[in-house]
Amino acid sequence: MARRRFQDPRPKRRGKWWTIQVRRDDFVGGQLERRKTRVRIAPASVPEREARKIAAEYLRPQNQGLELIGSATNFTEYVDNTYKPLLMPLMAKTTQERTRGVIANYLVPEFGNLSLRDLTPLTVQRYFSGFAASPLAHESKDKIRDVLSSILGSAVQYGLLVKNPVEGVRIPAEKRGKRKTKPHVTPEQFEELLKLIPEPYASMVFVAVWTGLRVSELIGLRWDDVGADSLNIDERCCRGDWDAPKSDASNARIGVEPCVIERINRLKLLTVEVRAGRAVRRHKVVKSDRPEDLVFQSVRTGVAMRDNNILSRHIKPAARKLGLPWINWRCLRTSHATWMVEAGANPKDVQGQMRHSRISTTMDIYAQFVPESQRRALAKMSAMVEARTSKPIGSSTGSISMPPQSRMVN
């Protein structure tokens, strides 16, 4: 392949358009080929001098070396041959699954036939602006942008692009304000829920709510992590994938109530019955309690449990019976923080117990509640208004007196 030459084609008027003929590098079947392409640059009504300026600006990235040869790589080929084998194995398993879904359902149908260089900021912004009328949730649109940014950012890292075109791209604003409310169970609902869930899953839910552990941390808990009044969180397991905790803040030892330690140790004494056709088999809940063994073991085989199976087979059916279909693992973790807030705990203490990296995450939970100081201020305002008017606020008549100029006239 010969090196690139400076291109300065003279625009030609063809019908209603000024066009230029340019040479571009394209990957065809894995081979780099140089092809001539005719490109429309401006309407024929534009003067020739202006058309030449537009042509020069169009070719500037290629002539100045701002458009790399690797940018001719097809988007789908890059994703399949580079991004998936090199970058995706570094992600958590659940993140991999969601990323694959976004690529297959949204990005490949839209950009699959384009080269990387064709994904300009204008092209990308036009795509996301089209989501304005889409019924997709704002979080889903944000996830699509994140995945595309990750793909093109890796292309920059590997020298195929000069700049990530997704930087600065905006997605349509939400049509309603951010909802601060995070679903949680009340102590009364929690007590009823436990009655409907069999062991050892009831103990898992108990520990999840009383400690605020993420489900992956709960599944990865080992006997040497259980102290006299604390739990050590140093690894997590998500559907067979073992990894370090989510963040440095998550890698910590947390204090727990004595009832949590008692509930965990009680598992060693439990035996559960499992139906196998017409027969009923009995299994020990804890098959081995050596330091390196798991606290919550699969009933049949003793291996790490799968959170989605426990949720769909045991927790969700029990929750639906109580009219609480929204209960999930995240809700149980949020319930722990919510109970601490309702008990009057300091935000920094809640942050430490939940092991949030940012205090803003903790404050999102606090935002669900009207502070007591705010309620006292409202009460003082009501008392002031009552003292200066003839009728108390919220009197039995239920009417509000209005000044003459405010009354409606028929």
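Take residues that are modelled with pLDDT under 80 and surrounded by 12 or more Cβ atoms within 10 Å (Cβ to Cβ) and tell me which of the helices (runs of 4 or more DSSP H) falling wholly in segment 333-410 contain 1 or more.
Filter on segment 333-410 gives 359-366.
Where the second residue is surrounded by fewer than 17 Cβ atoms within 10 Å (Cβ to Cβ) and not hydroxyl-bearing (Ser, Thr, Tyr) and the first is without any contact (Cβ under 8 Å) to a residue 60 or more places away in the chain and assigned to a loop (DSSP other than H, G, I, E, B) and lies in segment 147-163, which pairs have Cβ atoms under 9 Å and are six or more apart or on separate chains?
Within 9 Å, the pairs are Lys163/Leu66; Lys163/Pro121; Lys163/Val156.
Filter segment 96-114 down to the residues that are among the polar types (S, T, N, Q) and surrounded by 12 or more Cβ atoms within 10 Å (Cβ to Cβ), then identify the one that is modelled with the highest pLDDT.
Ranking the qualifying residues of segment 96-114, first place goes to Thr99.
Working only within segment 301-332, note down all residues that are assigned to a loop (DSSP other than H, G, I, E, B) and in contact (Cβ under 8 Å) with a residue 12 or more places away in the chain.
Gly302, Met305, Arg306, Leu322, Leu324, Trp326, Ile327, Asn328
Here's a check for you: in segment 219-242, which residue that is touching a residue at least 24 places away in the same chain (Cβ under 8 Å) and in contact with a Ser or Thr (Cβ under 8 Å, 6 or more places away or on another chain) is nearest to Lys268 (Cα to Cα)?
Leu231
Filter segment 237-268 down to residues that are in contact with a Lys or Arg (Cβ under 8 Å, 6 or more places away or on another chain) and part of a strand (DSSP E or B) and give me whichever is surrounded by the most Cβ atoms within 10 Å (Cβ to Cβ).
Across segment 237-268, the extreme among qualifying residues is Cys238.
Does segment 317-337 hold any residues that are within 22 Å of the chain's Cα centre (by Cα) and more than 20 Å from Ser230 (Cα to Cα), and which are they?
Within segment 317-337, Pro325, Trp326, Ile327, Asn328, Trp329, Arg330, Cys331 qualify.
I need the full set of residues from segment 305-339 which are under 18 Å from Ile219 (Cβ atoms) and of a type in the set (S, T, N, Q), in order please.
Within segment 305-339, Asn308, Asn309, Ser312, Asn328 qualify.
Could you check how many residues of segment 119-143 are of a type in the set (Phe, Trp, Tyr) and in contact (Cβ under 8 Å) with a residue 24 or more places away in the chain?
2
Cβ-Cβ under 9 Å, sequence separation 6+ or interchain: first residue in segment 44-63 and under 18 Å from Gln7 (Cβ atoms), partner at pLDDT 80 or above and of a type in the set (Gly, Ala, Ser). Which pairs?
Partner pairs satisfying both residue conditions: Ala51/Ala42; Ala51/Ala44; Ile54/Ala42; Ala55/Ala42; Asn63/Ala56.
Which pairs have Cβ atoms under 7 Å, sit 6 or more apart or on different chains, and link a residue in segment 91-118 that is in contact (Cβ under 8 Å) with a residue 12 or more places away in the chain to one that is part of a loop (DSSP other than H, G, I, E, B) and surrounded by 16 or more Cβ atoms within 10 Å (Cβ to Cβ)?
Pairs that qualify, where the first residue is in contact (Cβ under 8 Å) with a residue 12 or more places away in the chain and the partner is part of a loop (DSSP other than H, G, I, E, B) and surrounded by 16 or more Cβ atoms within 10 Å (Cβ to Cβ), are Lys93/Arg239; Phe111/Leu119; Ser115/Thr73; Leu116/Thr73; Leu116/Leu160; Leu116/Leu161; Arg117/Glu67.
Somewhere in segment 115-134, is a residue crowded, with 19+ Cβ neighbours inside 10 Å, outside any helix (DSSP H, G or I) and assigned by TED's automatic domain parsing to the domain that holds Glu292?
Within segment 115-134 (the criterion being crowded, with 19+ Cβ neighbours inside 10 Å, outside any helix (DSSP H, G or I) and assigned by TED's automatic domain parsing to the domain that holds Glu292), the answer is no, since none of the residues qualifies.
Among the residues of segment 311-318, is any in the same structural domain as Glu191 (by TED's automatic domain parsing) and touching a Lys or Arg at 6+ places or on another chain (Cβ under 8 Å)?
Scanning segment 311-318, I find no residue that is in the same structural domain as Glu191 (by TED's automatic domain parsing) and touching a Lys or Arg at 6+ places or on another chain (Cβ under 8 Å), so the answer is no.
Does segment 269-288 hold any residues that are assigned to a strand (DSSP E or B) and either farther than 14 Å from Val299 by Cβ or free of Cβ contacts under 8 Å to residues at least 60 places away in the same chain (or both), and which are they?
Matches in segment 269-288: Thr271, Glu273, Val274, Arg275, Ala276, Ala279, Val280, Arg281, Arg282, His283, Lys284.
Looking only at segment 269-297, which residues are surrounded by 13 or more Cβ atoms within 10 Å (Cβ to Cβ) and either over 14 Å from Val207 (Cα atoms) or not assigned by TED's automatic domain parsing to the domain that holds Met340 (or both)?
Leu270, Val272, His283, Lys284, Val285, Val286, Lys287, Asp289, Asp293, Leu294, Gln297
The values are calculated or read from the model by the stated rules, or taken from the named source; none is laboratory data. All of these numbers come straight from a predicted model, not from anything done at the bench. Ideal geometry is used to build each Cβ from the backbone, glycine not excepted, and the neighbour counts take in all protein chains shown.
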